[in-house]
1. Would you pick out the residues in region 68-89 that are over 14 Å from residue 110 (Cα atoms) and of a type in the set (A, V, I, L, M)?
2. Quick check on region 124-133. Is at least one of its residues of a type in the set (Ser, Thr, Tyr), at pLDDT below 85 and surrounded by 12 or more Cβ atoms within 10 Å (Cβ to Cβ)?
3. All but one of (1) modelled with pLDDT of 90 or more; (2) within 19 Å of residue 60 (Cα to Cα) hold for residue 120; state the number of the condition that does not hold.
4. Is it true that residue 1 is modelled with pLDDT under 90, farther than 23 Å from residue 92 by Cβ and surrounded by fewer than 10 Cβ atoms within 10 Å (Cβ to Cβ)?
5. Being closer than 26 Å to residue 153 by Cβ, assigned to a loop (DSSP other than H, G, I, E, B) and either among the hydroxyl-bearing types (Ser, Thr, Tyr) or touching a residue at least 40 places away in the same chain (Cβ under 8 Å) (or both), is that true of even one residue in region 80-88?
6. Suppose we keep only residues that are surrounded by 16 or more Cβ atoms within 10 Å (Cβ to Cβ) and polar (S, T, N, Q) within region 30-47. Which one would you say is nearest to residue 101 (Cα to Cα)?
7. Among the residues of region 48-92, which ones are in contact with a strand residue (DSSP E or B) (Cβ under 7 Å, 6 or more places away or on another chain), closer than 14 Å to residue 123 by Cα and either surrounded by fewer than 17 Cβ atoms within 10 Å (Cβ to Cβ) or not aromatic (Phe, Trp, Tyr) (or both)?
8. Please count how many residues of region 140-162 are part of a strand (DSSP E or B), modelled with pLDDT under 90 and under 17 Å from residue 41 (Cα atoms).
Amino acid sequence: MIEVVLALALTGIITGGITMSIFQVFNLNARTSNHMIAVRQVQNAGYWISHDTQMAQSVVTDGGATGFPLDVTWTEWDGTVNEVVYTLLVNDKLQREHYINYDPVTNPDPDTTTFVAEYIDSIEVVPRPFTGGMLTLTVTAKVGTGSQVQSETRVYEVISRPSV
């Protein structure tokens, strides 16, 4: 009888150890996946805002604490006027609206509306207002819930193009 109880106890300890190992592997996998998603979302936001800001002849922020919404405007060699407006929505998505030859009367709607990134926890543009030189963009994405929350913050320094 003692041998049976010892065998059951040993089996229970081994099963518990295996169960905990499997749980840790799944938890680690979820945390790693969440971190990679956060990194990718921050990179997307940084790429698009940097790209448009480098093209810009004019960058206008709302002057508030975060500098959002961000309005970027440039004119191409053929006279086409591009305006891009970045807005951080309530559902943590970064929206990019691109207007070509914007006119509030004849062409009030954006030509394209894109969600550039999601899970954006905070985003800040410095300096406000942008007067040329360098724009500093700080983006933070937070993905997951509970013990699987992962966060990524990146700082981008964007130098405007030289005046023409």
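The values are calculated or read from the model by the stated rules, or taken from the named source; none is laboratory data. It should be emphasised that the depicted structure is a prediction, and the values quoted were computed from it without experimental measurement. Cβ coordinates were reconstructed from backbone atoms using ideal geometry, including for glycine residues, and neighbour counts include every protein chain displayed.
1. 70, 88, 89
2. Scanning region 124-133 turns up no residue that is of a type in the set (Ser, Thr, Tyr), at pLDDT below 85 and surrounded by 12 or more Cβ atoms within 10 Å (Cβ to Cβ).
3. Unmet for residue 120, out of (1) modelled with pLDDT of 90 or more; (2) within 19 Å of residue 60 (Cα to Cα): (2).
4. Numbers: modelled with pLDDT under 90: yes; farther than 23 Å from residue 92 by Cβ: yes; surrounded by fewer than 10 Cβ atoms within 10 Å (Cβ to Cβ): yes.
In short, yes.
5. No, there is no match, as no residue in region 80-88 is closer than 26 Å to residue 153 by Cβ, assigned to a loop (DSSP other than H, G, I, E, B) and either among the hydroxyl-bearing types (Ser, Thr, Tyr) or touching a residue at least 40 places away in the same chain (Cβ under 8 Å) (or both).
6. The extreme case among them is 44.
7. Scanning region 48-92 gives 49, 50, 61, 66, 67, 69, 70, 87, 88, 89, 92.
8. So the first thing to find is which residues in region 140-162 are part of a strand (DSSP E or B), and the list is 140-143, 150-159.
Still in the running and modelled with pLDDT under 90: 157-159.
Checking which are under 17 Å from residue 41 (Cα atoms) leaves us with none.
Looking only at that region, the number is 0.
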